[in-house]
Number of protein chains: 2
Amino acid sequence: MNDVAAGKRVRGGGGSARRAERTAVSLESARFIERNIPNFEILNEEALAIIEWNADTVLEEIGVNFLENPTALALWKAAGADVRGERVRIPRGLARKLCATAPRTFTQHARNPARNVEIGGRNLVLAPVYGPPFVRDMEGGRRYATIADFQNFVKLGYMSKWLHHSGGTVCEPTDVPVNKRHLDMLLAHMTLSDKPYMGSVTEPSRAEDSIEMSKILFGADFVDQNTVMTSLININSPLTFDSIMMGALEVYAKANQAAIISPFIVGGAMAPVTVAGTLTQVLAEVLAGVAYSQLIRPGAPVIFGAFVTSIDMNSGAPTFGTPEASHITYGAGQLARRLNLPYRSGGSFCGSKLPDAQAAYETANSLNMALLSGVNFMLHACGWLEGGLVSSYEKFVMDADQLGTLHHLAKGIIMDENGQGLDAIREVGPGGHFLGCEHTQANFKSAFWRSDLLDYKPFETWDEEGARDTQTLAAERVKKQLGDYQQPALDVAVHEALTDYVAKKKAAVPDAFI
Amino acid sequence: MNDVAAGKRVRGGGGSARRAERTAVSLESARFIERNIPNFEILNEEALAIIEWNADTVLEEIGVNFLENPTALALWKAAGADVRGERVRIPRGLARKLCATAPRTFTQHARNPARNVEIGGRNLVLAPVYGPPFVRDMEGGRRYATIADFQNFVKLGYMSKWLHHSGGTVCEPTDVPVNKRHLDMLLAHMTLSDKPYMGSVTEPSRAEDSIEMSKILFGADFVDQNTVMTSLININSPLTFDSIMMGALEVYAKANQAAIISPFIVGGAMAPVTVAGTLTQVLAEVLAGVAYSQLIRPGAPVIFGAFVTSIDMNSGAPTFGTPEASHITYGAGQLARRLNLPYRSGGSFCGSKLPDAQAAYETANSLNMALLSGVNFMLHACGWLEGGLVSSYEKFVMDADQLGTLHHLAKGIIMDENGQGLDAIREVGPGGHFLGCEHTQANFKSAFWRSDLLDYKPFETWDEEGARDTQTLAAERVKKQLGDYQQPALDVAVHEALTDYVAKKKAAVPDAFI
C-alpha cells in the first residue's frame, strides 16, 4: 500500500503541488448517501413471487446464449446447466443459488481514503454520465468529444460536492485512437481526481491495463487485496452474453474487482413491451450474469444492474423520465434486494437535445424514482443529455447541484427534541413570527437544502442582472469551476510511472480507429 | 336539477352551439386518478404518535386565535374549549373527536357529470394554479394579469387532457374591480369550461355569490343536496383563524359545499424551521380548522390542506421543490390519512422566473412527491411560476403534459398474463427483437405514456426544424390550443341568467380597487 492510499499526502514539490494540497483540503465533498428513509415498494409479495418464478422459467426453458466463449460453456456445464451449442439452460433455482456467494455490500477504495465508497445496503453512490460520443456547451454547441473534454468532465466531477465517484467514460475521447483511449481516460481519472473510478471494458486486454495502472496508483498488494474499480458490464439483451463483455467481466472478477452486470434495455425492442415482462427478463439476465461471475470467482463483488428506458412507438426513439421506466426501476430494486445484491439503476436521464425544461422534468423524474427505488450505485447521475448521445457541460453542473436534494431527502425526518420544535411553537405563539426565535437561529444554517446554482433572487434583481435562465447560470458555473480547479496532490513518482505506462503501451501498437 | 347537471345537453340553437357540442364529445379528458400504487410512508408509527401528541399539546397549552369572530368563540366554548379573549384552547382529543364527522371522501359535481370528481380515498384530482397577480408568456413577457388572461387559462384548463378541475383564481384579473372580479371569474369557469370549479373566499358575501351563481348553473335543489364547489380556506399560520376566511368557511360549510382548510407556511417564518416542528403545527392548525367546520355543520365536506415551502435563509425567499418540502408533504399525508380526511398538497411549485430547467426540476420534484404522498386534491398542478407570483402560459401546458406521467405512474404494474409477457420472451428468444412480435403489436399503443409536447425527434430533424426548446414548443401549443378552443355547450337560458346575475350585482355597488 503506498502513501496515497494510506491517506498520507506526499508533497510533489513545487508550488503547484502545494496549491493542490491546499485546494484538496478546502474542497467540500459529501460522503456517499446513507438512507434514513424507506424504499418505495411498488410490488407486493405475490407479484414478486410471480416474476421470480417466471425468470426461472425463462432460464430453464429458454436459456441464455454465451457467445464465442467455450470456457463459459464449460463452467456452466460443470455447474449443472444444460448446455447445447452456445445456449445455456439453467435449472430452476441454480442461478439464484450461485448468486448467494456475491457480497451484499463492498468497499470500493479511492486513492484518497476519505473518498472510499460503500456500495450496497442502504447506501447510494453517485457517478457521472458514461459513454456519450458528443459533448455540448452553450458556446460551442454540439460536437464530437475529445480528450480535452474528457479531462474537463473529470475536473468538474472532482469539484462536485454531491458526486462521490469519478465514473468511467464521461465522454468518448474520439480524437484518441480507439485502442488507446482507455489509457488516457484512466490516466485522467487517476491524476485529475482522487475519487473512485471505473475500469475499461471494451476489450479484456484493456481491463488488464486498468488493473495494471491501478496497481501503479494503489500498489500491487493493495489492489490484490481490495476492490479499487467498479466497471460496467452490459448484457446484450435479450438473453445474450457476448465474449467481449464477458471477457472483461472474467478479468475483473478474477482480480476481485467489482462489476455492474446490467441488462441494457429499450422496452418493447430488447424486452417485452410490458413492465412485468421486462422485469422478468431483467431478473433472468442478471441472475445468469451474476451467477456466471460467481462461477469465475465465488465472492467477486458484483452489482445487479438495470438500465431500462421506454420507447416512443411513433418514432422508435428511447424515452426517459417516463412512468414505465419508474415502474421498472422500483420493481427491479425490490428484486435486487431479495437477491441481497447491490443495485445499480437511475440517472440524469432525458431525451431532450438541450438542458431545458424537458431535460429537467425527465431528469428529476428519474433521480427521484432512483432514490426511492433503493439504488446503491447510480451511473449517469449528472451530465446526461439527448438520450445519452451527449455529455452536456451545463447539464453536468445543473444535475450535480440537484443531487444535493437526494442527499437531504435521504436524511429523513429528525424526530429528536430539537427536531420536534415544540418550544419554538410555545415561544412564538399564535400570530407570531419564527424568523427571530431562538430555535430558528440555532437551526437555520443546516435546516434547508440550498442550491448553489439556481436563482432565488427577487424578480427585480434577477431582471437587472440579465434575466439569466438556468443554462446561462450553469455555463457561468462551468467556467468558474474549470478556472478554479486545482489538481489533487499525487506522489510525483506515481504520476510519472502512470505516464510512462501509458506512453509505453501506446508506442507498442499502431493506432486503430475502429 | 336542470338538464345540464343531468347530463342531457340542451341545444342553444345556432352553429356555434352545435360546434361546441361536437368538440365537447371529441375532447379527450382523463378521469381523476385512482391510485393502484402504495403511498410513501416516511414516518414510522412512533414518529406519527409523537407528532399527534405534540399537536394536541399545542392546542391544549397554547391554543389558537379566532379573530373578530364572537360566533366562533361561542361555538368553541359550547363544545368544551377553554376560551379566553380570542384565544381558544382545545382539550386533548377534542379536536380529533370533532373531526370524525367530516366525510372520508366526497363527490364534487361538475355541470358535465362525466367530469364529476371523487375527492378522498386513493384518488387524486388535479386543479390548476391559483392566485398569481401576474402572467407571463414568451411574447409578452411578465405583466399584470387581466380577465382576458383569466379566460385564456380557463380555456387551457378545459382543453387539458390530464386536468380534472377548472380551479379557482387561475390568475388575478387585476383590470376588474376587487369587489367584482369574483363574479367574472365564476362566470368564466361556468361558461368556458364544464369541469368542476372553486368558489370565492375573499369575503363571505362573495362566497354567497358563488353559491347563488352555482344555483343558477345547477339548479337550486341540486346545490342544496350536492357539493358543487371546493374552495380554499387558508389559515393565517401560526395558529390564527381570521374572520374573512372563517366567514367564507362558515358560508360554505352551512351550504354543504367543500372547503380545503389549509395552513399556508413558509418554513422558518410561519412555522418552526424543522420538519417535525412544522408537521406538528400543521396538524394542530388543521385539527382546529376542520373541527370548527364540523361545529358549523357536522358532516360538511372538508380537506386537510398543507401548503408548505422551505425558505432560502440567505434572501428570505420561499424555495420550492426542496427536500424539506417533500418531507413535510409525505408526513402530512400520513397524518391526514390517520384522520380519515382527504388531503390537499403539492403542485407545480417552483421559484424560477422562467419556464426553464430550474422551473422543471423544482416542479417535477414537487409533482412526484405529491403523487407518492397520497395527495387527493392538488391545487397549482400546472402553470405555477416564480413562487406563485406568475401564471405562466407556457408552463401551464408544459406542466399539464407532465401530469400525464402521474396518471400512468398511479396505474401501477399490471400483473395479469398479458402483463407478464412470458410468451413474448419465448417467441423472441436470445438475441431476437421484440418490436415485431405479436405481444408488442397487441400492446404497444397503450404500453407507454407519451408526451404530447416534448421533443422525441432525431437530432437532425429537430435541428432542421429550428432547434426549439421546451418553452418554444409550449408557446406554439398555447397558440394552437387557444385557436382550437370551442366552448362547451350550455343552455342559453342558464347562460343568460348567469350573465344577468353578474351584471345586476356589478351595477349594485361602486367599483373598489382595494
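The values are calculated or read from the model by the stated rules, or taken from the named source; none is laboratory data. Because the structure is a prediction, the values reported are computed rather than measured. All Cβ positions, even for glycine, are placed from backbone atoms using ideal geometry, and neighbour counts span all protein chains on display. Note: areas computed on protein heavy atoms with side chains; ligands, DNA, RNA excluded. Shrake-Rupley method; radii C 1.70, N 1.55, O 1.52, S 1.80 Å.
Observations on the model:
- B:Ala95 falls short on exactly one of the conditions (1) in contact (Cβ under 8 Å) with a residue 60 or more places away in the chain; (2) in contact with a helix residue (DSSP H, G or I) (Cβ under 9 Å, 6 or more places away or on another chain); (3) not in a helix (DSSP H, G or I), and that condition is (3).
- Qualifying residue in the range B:410-424 (condition: in contact with a strand residue (DSSP E or B) (Cβ under 8 Å, 6 or more places away or on another chain) and buried (at least 20 other Cβ atoms within 10 Å of the Cβ)): no
- Of residues in the range B:100-143 being of a type in the set (Gly, Ala, Ser) and either touching a residue at least 60 places away in the same chain (Cβ under 8 Å) or surrounded by 17 or more Cβ atoms within 10 Å (Cβ to Cβ) (or both), the one farthest from A:Asp463 (Cα to Cα): B:Ala100
- Scanning the range A:313-336 for residues that are touching a Phe, Trp or Tyr at 6+ places or on another chain (Cβ under 8 Å) and in a loop (DSSP other than H, G, I, E, B), we see that the one that is farthest from the other protein chains (Cβ to nearest Cβ) is A:Phe320.
- Filtered by the rule that a residue be open to solvent by less than 20 Å² (accessible area, probe 1.4 Å) and over 28 Å from A:Gln225 (Cβ atoms), the range A:243-265 gives A:Pro263, A:Ile265.
- Within the range B:144-180, being among the charged types (D, E, K, R), assigned to a helix (DSSP H, G or I) and open to solvent by 30 Å² or more (accessible area, probe 1.4 Å) holds for one residue alone: B:Lys155.
- Residue ID - surrounded by the fewest Cβ atoms within 10 Å (Cβ to Cβ), chosen from residues in the range B:308-351 that are within 20 Å of the chain's Cα centre (by Cα) and among the charged types (D, E, K, R): B:Arg337
- Some residue of the range A:285-294 being assigned to a helix (DSSP H, G or I), within 14 Å of chain B (Cβ to nearest Cβ), closer than 25 Å to A:Gly321 by Cα and open to solvent by less than 10 Å² (accessible area, probe 1.4 Å): yes
- Exactly one residue out of B:Val397, B:Val375 is assigned to a helix (DSSP H, G or I), open to solvent by less than 10 Å² (accessible area, probe 1.4 Å), more than 8 Å from chain A (Cβ to nearest Cβ) and touching a Leu at 6+ places or on another chain (Cβ under 7 Å), and it is B:Val397.
- For the condition at pLDDT 95 or above, open to solvent by 60 Å² or more (accessible area, probe 1.4 Å) and in a loop (DSSP other than H, G, I, E, B), A:Glu61 does not qualify.
- For the range A:206-237, residues that are out of contact with any Phe, Trp or Tyr (no Cβ under 7 Å at 6 or more places or on another chain), of a type in the set (S, T, N, Q) and part of a loop (DSSP other than H, G, I, E, B) total 1.
- Within the range A:61-70, considering residues that are more than 12 Å from chain B (Cβ to nearest Cβ) and in contact (Cβ under 8 Å) with a residue 12 or more places away in the chain, the one farthest from A:Glu118 (Cα to Cα): A:Glu68
- Index of the failed condition, A:His408 passing every other in (1) of a type outside the set (A, V, I, L, M); (2) under 23 Å from A:Asp469 (Cβ atoms); (3) outside any loop (DSSP other than H, G, I, E, B): (2)
- A:Val201 touching a residue at least 12 places away in the same chain (Cβ under 8 Å), in contact with a strand residue (DSSP E or B) (Cβ under 6 Å, 6 or more places away or on another chain) and open to solvent by less than 20 Å² (accessible area, probe 1.4 Å): yes
- Pair list, Cβ under 6 Å, 6 or more apart: the range B:28-46 residue closer than 16 Å to B:His327 by Cα, other residue part of a loop (DSSP other than H, G, I, E, B): B:Asn39/B:Gly374; B:Phe40/A:Phe40; B:Ile42/A:Ile37
- Some residue of the range A:398-413 being more than 22 Å from B:Gly316 (Cβ to Cβ) and without any contact (Cβ under 8 Å) to a residue 12 or more places away in the chain: yes
- For the range B:24-57, filtered to residues that are open to solvent by 90 Å² or more (accessible area, probe 1.4 Å) and either touching a strand residue (DSSP E or B) at 6+ places or on another chain (Cβ under 6 Å) or within 19 Å of B:Glu118 (Cβ to Cβ) (or both), the residue that is farthest from the other protein chains (Cβ to nearest Cβ) is B:Arg31.
- Listed conditions (1) more than 9 Å from every other protein chain (Cβ to nearest Cβ); (2) crowded, with 18+ Cβ neighbours inside 10 Å; (3) at pLDDT below 95 are all met by A:Ser446, apart from (2).
- Residue that is open to solvent by less than 10 Å² (accessible area, probe 1.4 Å), over 20 Å from the mean Cα position of the chain (by Cα) and under 18 Å from B:Lys505 (Cβ atoms), where the choices are B:Leu279, B:Leu217, B:Leu186: B:Leu217
- Options B:Ala276, B:Ala325, B:Ala317: the member that is touching a helix residue (DSSP H, G or I) at 6+ places or on another chain (Cβ under 6 Å) and touching a residue at least 12 places away in the same chain (Cβ under 8 Å): B:Ala276
- Test: A:Leu453 is at pLDDT 95 or above, assigned to a loop (DSSP other than H, G, I, E, B) and surrounded by fewer than 22 Cβ atoms within 10 Å (Cβ to Cβ): yes
- The range B:411-427 - residue that is facing chain A (nearest Cβ under 8 Å) and either among the acidic types (Asp, Glu) or not in a helix (DSSP H, G or I) (or both) and, of those, nearest to B:Gly383 (Cα to Cα): B:Lys411
- Yes/no for B:His495 being touching a helix residue (DSSP H, G or I) at 6+ places or on another chain (Cβ under 9 Å), open to solvent by 30 Å² or more (accessible area, probe 1.4 Å), in contact (Cβ under 8 Å) with a residue 60 or more places away in the chain and not basic (Lys, Arg): yes
- Residues of the range A:433-443 satisfying the condition of being open to solvent by less than 10 Å² (accessible area, probe 1.4 Å) and more than 7 Å from chain B (Cβ to nearest Cβ): A:Cys437
- Among the conditions (1) more than 7 Å from chain A (Cβ to nearest Cβ); (2) in a loop (DSSP other than H, G, I, E, B); (3) over 30 Å from B:Gly347 (Cβ atoms), B:Pro430 misses just one, which is (1).
- Hits in the range B:354-368 (condition: part of a loop (DSSP other than H, G, I, E, B), open to solvent by 10 Å² or more (accessible area, probe 1.4 Å) and in contact with a Leu (Cβ under 9 Å, 6 or more places away or on another chain)): B:Leu354
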